[in-house]
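See structure below.
Values quoted throughout were computed directly from the atomic coordinates according to the rules given, and no laboratory measurement underlies them. In this text the structure is predicted, and so the values were computed from the model without any measurement. Every residue, glycine as well, gets a Cβ built from its backbone with ideal geometry; the counts of neighbours run over all protein chains shown.
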Amino acid sequence: FDQLDGEIWYNGEFVPWADAKLHVLTHGLHYASSVFEGERAYGGEIFKLTEHTERLHASGKILGFTVPYSVAEIDAACVELLKRQGFADAYVRPIAWRGSEMMGVSAQKNRINVAIAIWQWPSYFKPEERLKGIRLDIAEYLRPDPRTAPSKSKAAGLYMICTLSKHRAEDRGYADALMLDWRGQVAEATGANIFFVQDGRIHTPTPDCFLDGITRRTVIGLARQRGYEVIERVIMPDEMTGFTECFLTGTAAEVTPVSEIGPYRFTPGEISTNLVNDYMALVQPKRAAAE
Ligand code: PMP
């Protein structure tokens, strides 16, 4: 990202993009004591900004630290930075991490740093791929037991298995990977939640060891508004034989239909299409109204 212009909000100040640096002995780098958010701005407004900032605070608490700026201060910094960057549609990445004052596993007194970067990130999956439905591999890594890792925190360390799984999937010609959990249940993709359709009903795994995504909850609300039944439950991989549609939800992924998961096949149909459209109409009200 060195080539990008503009500014980064860094511990309360706007600094030139190229100057937003940190020390190589940063605890967040060595021990993954870092939490972050991913948000999207549409038409100059950050969708569910406060919910994301509250989750950043909650993620920090789970890792044992307090983000040293209030939710209101971080919200204001995101809004101001978006204006200064001059983007209408953009991706927003706040991050908080333990600094470089002490090296070692313990870093109780290290400063908690906070930064926010905003850049243009049009679509997570290629548009032509998204409409056909993307293809998912099945990951080798399993989402860990919540007693093994703080799975409710959007913590950098939890993404190690996501990056490994996504790289392996890409190397094998897939767009992403489905991760099962430690019990062998269907969990989520590497950066998005998952839904299935069977007989007009929507099924999605209970989020007890992965993020209950903000997009996930938004899409459940949109589905119920349309009168679709949404069932949150344990889903075993062999049940995928009986599902006709499948889609992912996430801030970056938005609503993305899936056509294939390992040996299982799905055809993006009416429910997926309606929810793709409902989600876009919700997040881009200005664009939807103009069409
Ligand atoms: N699971 C993982 C692992 C993610 O990284 C994300 C993206 N933050 C999600 C689910 C979806 O969360 P959200 O809808 O809040 O973006």
For a test of the definition: using alpha carbon positions, the gyration tensor, and the 1.5 limit on a/c, classify segment 127-287 as rounded, prolate or oblate. rounded
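How big is the dipole moment of the chain about its Cα centre under a simple scheme where the beta carbon of each Lys and Arg is +1, that of each Asp and Glu is -1, and everything else is neutral? Debye, nearest 20, please.
Dipole size: approximately 420 debye.
List the pairs from LYS48/LYS152; LYS83/LYS132; LYS109/LYS166; LYS109/LYS152; LYS48/LYS83; LYS48/LYS154 whose alpha-carbon separation is above 28 Å, in the order I gave them.
Working: LYS48/LYS152 19 Å; LYS83/LYS132 35 Å; LYS109/LYS166 35 Å; LYS109/LYS152 24 Å; LYS48/LYS83 17 Å; LYS48/LYS154 16 Å.
Correct reply: LYS83/LYS132; LYS109/LYS166.
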Please report the net charge: other residues with Cβ closer than 13 Å to the Cβ of GLN108, K and R +1, D and E -1. +2
Pick out, from HIS23, MET103, ALA88, the residue whose Cα sits farthest towards the positive end of the charge dipole of the chain, with +1 on the Cβ of Lys and Arg and -1 on the Cβ of Asp and Glu. MET103
Between ILE231 and MET160, what length comes free when the chain is fully extended (0.36 nm per residue of separation minus the Cα-Cα distance, one decimal in nm)? 22.6 nm
In Å³ per residue, the alpha-carbon convex hull of the chain encloses 138
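Students often check this: by mean Cβ neighbours within 10 Å, which of 160-169, 204-213 ranks highest, and how do the rest follow?
Going from most to least packed, we get 204-213, 160-169.
Would you work out the charge dipole size for segment 7-119 about its Cα centre, treating the Cβ of every Lys and Arg as +1 and the Cβ of every Asp and Glu as -1, and quote it to the nearest 20 debye?
Here the size comes out at about 360 debye.
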Which length gain, in nm to one decimal place, applies between GLU239 and THR267 when the Cα-Cα distance is subtracted from 0.36 nm times their residue separation? 8.5 nm
Tell me which residues come under 5 Å, amide H to amide H, from ALA192 once H is placed; ignore anything under 5 positions away on its chain. none
Projecting each Cα onto the charge dipole of the chain (Lys/Arg +1, Asp/Glu -1 at the beta carbon, about the Cα centre), which of GLN225, LEU164, ALA58 comes out farthest on the positive side? ALA58
Mean Cβ-within-10 Å packing, highest first, puts peptides 78-87, 177-186 in the order 177-186, 78-87
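Can you tell me the length gained on complete extension of the stretch THR148 to ARG84, counting 0.36 nm per residue apart and subtracting the Cα distance? It would help to have the intermediate numbers written out before the result.
Values: separation 64, 0.36 × 64 = 23.04 nm, distance 4.12 nm.
Net length gain for the segment: 18.9 nm.
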What is the distance, in nm, between label points placed 7 Å from the Cα along the Cα-to-Cβ direction at LYS21 and at ARG168? 3.7
Where a ≥ b ≥ c are root eigenvalues of the Cα gyration tensor, a/c under 1.5 meaning rounded, otherwise prolate if a/b exceeds b/c and oblate otherwise, segment 7-119 counts as prolate
For a footprinting-style exposure proxy, rank HIS52, HIS23 by other Cβ within 10 Å, fewest first. HIS23, HIS52
Once the dipole of segment 127-287 is set up with Lys and Arg at +1 and Asp and Glu at -1 on Cβ about the Cα centre, which of LEU142, GLY269, THR249 lies farthest towards its positive end? THR249
